[in-house]
2 protein chains.
Amino acid sequence: MNGPDFAKNELIPVVAQDATSGTVLMLAYMNAEAYRETLETGRVCYWSRSRRKLWRKGEESGNVQRLKQVFYDCDADTLLVKVEQVGGAACHEGYESCFFREVDPGSGEARVVGERVFDPADVYQR
Amino acid sequence: MNGPDFAKNELIPVVAQDATSGTVLMLAYMNAEAYRETLETGRVCYWSRSRRKLWRKGEESGNVQRLKQVFYDCDADTLLVKVEQVGGAACHEGYESCFFREVDPGSGEARVVGERVFDPADVYQR
């Protein structure tokens, strides 16, 4: 096996982790084309399931992800990319990580634990 | 929003990260029942897509995952659990992490970069 098995799954989930801090930034998806482009360019490219097209992460916000390392798992159906997150924030809501809400296991209630790096209104022109 | 939205997606991907080392251990899935059980027991329970039943991680190997923190993402369609990985290995192949193969972006070739913590033949009695 030499990489993720796109023959088995057209779309493969990708965990993006900050290469320096180890923070888990986000989860997105790649198809074979996005994977190939990512390896070739060193800039992470996903497949947007909602827009049904290649999603060059940061193409709008400028917060691109520079590929540092890429791993795949024992079942060849998940990827892990270690990245340099330009701008310090992966989330379109302005947080470093998309996982900025923590759940209290006792109550099931959530609270925001991340800090905003940018204001989405300033970054995404509507 | 107070947690992952199982009404939108019956199965939600879950990134498991070692709470101490920050290593990304694996990706698996939860349904609402697995999520509820995880919060209630403090032991991570997934939904096995291949066996189509609740998968109490470590039920065979003893390598359970003790829940430390749980987060969900901006779209409420992915979870991140920070865990204490008992036995030091999450992967059924005996590695700390399921992401034990690294791809060289230039050649596309993969090599094993993890070290085996246990021998699967000793752990899983056939």
(request) Identify, for chain A, the residue whose C-beta comes nearest the rotation axis onto chain B, and round that distance to whole Å. (result) A:Gly22, 2
(request) Mind grabbing the base-10 log of I(q)/I(0) for the protein assembly as shown at q = 0.13, 0.14 Å⁻¹? Debye formula, identical points on the C-alpha positions, no solvent, two decimal places. (result) -0.81, -0.95
(request) Work out the length of the dipole vector of the range B:1-67 about its Cα centre, built from +1 on the beta-carbon of each Lys and Arg and -1 on the beta-carbon of each Asp and Glu, and round it to the nearest 20 debye. (result) 180 debye
(request) Kindly provide the helix-only [θ] at 222 nm of the protein assembly as shown, computed as the sum of -39,500 (n - 2.57) over DSSP H runs of four or more divided by all residues, to the nearest 500 deg cm²/dmol? (result) -3000 deg cm²/dmol
(request) Restricting to chain A, compute how many DSSP beta bridges are antiparallel as a %, nearest 5. (result) 80 percent
(request) Once you've got the GNM for chain A with C-alpha springs shorter than 10 Å, pick whichever of A:Tyr35, A:Tyr46, A:Tyr72 has the biggest mean-square fluctuation. (result) A:Tyr72
(request) Determine the shielding of peptide B:72-85 by partner chains: average, over its residues, the number of Cβ atoms on other chains within 10 angstrom of each Cβ. (result) 5
(request) Taking each label point as 7 Å beyond Cα in the direction of the beta carbon, state the distances from B:Tyr124 to the same residue in the other copies, shortest first, in nm. (result) 4.1
(request) Mind pulling the per residue volume of the convex hull built on the Cα atoms of chain A? Å³ is fine. (result) 136 Å³
(message) Tell me the relative contact order for chain B as a rounded percent, counting alpha carbon contacts under 8 Å between residues six or more apart.
(response) 22 percent
(request) Over the whole of A:94-100, what's the average partner chain Cβ count within 10 Å per residue? Rounded to a whole number, please. (result) 4
(message) Take the residue pairs A:Lys53/B:Lys68; A:Lys53/B:Lys53; A:Lys68/B:Lys8; A:Lys8/B:Lys68; A:Lys8/B:Lys8 and return only those whose Cα atoms are more than 31 Å apart.
(response) A:Lys53/B:Lys68; A:Lys53/B:Lys53; A:Lys68/B:Lys8; A:Lys8/B:Lys68
(request) Note down the magnitude of the dipole of chain B about its Cα centre, charges +1 on Lys and Arg C-beta and -1 on Asp and Glu C-beta and zero elsewhere, to the nearest 20 debye. (result) 400 debye
(request) Can you list the distances in nanometres, one decimal and ascending, from the B:Leu54 label point to the identical position in each other copy, with the point 7 Å along Cα to Cβ? (result) 4.5
(message) Quick check for me: using +1 on Lys/Arg Cβ and -1 on Asp/Glu Cβ, what's the dipole size of the protein assembly as shown about its Cα centre, in debye to the nearest 20?
(response) 400 debye
(message) Just to be sure I understand: with springs between alpha-carbon atoms less than 10 Å apart, which residue in B:Leu79, B:Leu39, B:Leu25 has the highest mean-square fluctuation in the Gaussian network model of chain B?
(response) B:Leu39
(message) Output the 0 to 90 degree angle, nearest 10, between the alpha-carbon long axis of helix B:32-41 and the longest principal axis computed from the alpha carbons of chain B.
(response) 80 degrees
(request) Using a Gaussian network model of chain B whose springs link C-alpha atoms within less than 10 Å, name the residue from B:Ala110, B:Ala76, B:Ala89 with the highest mean-square fluctuation. (result) B:Ala110
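Since every read-out is calculated from the coordinates, none of them should be taken as a lab result. None of these values were measured; they are calculated from a predicted model. No Cβ is skipped: glycine too gets one built from the backbone with ideal geometry, and neighbour counts run over all protein chains shown.
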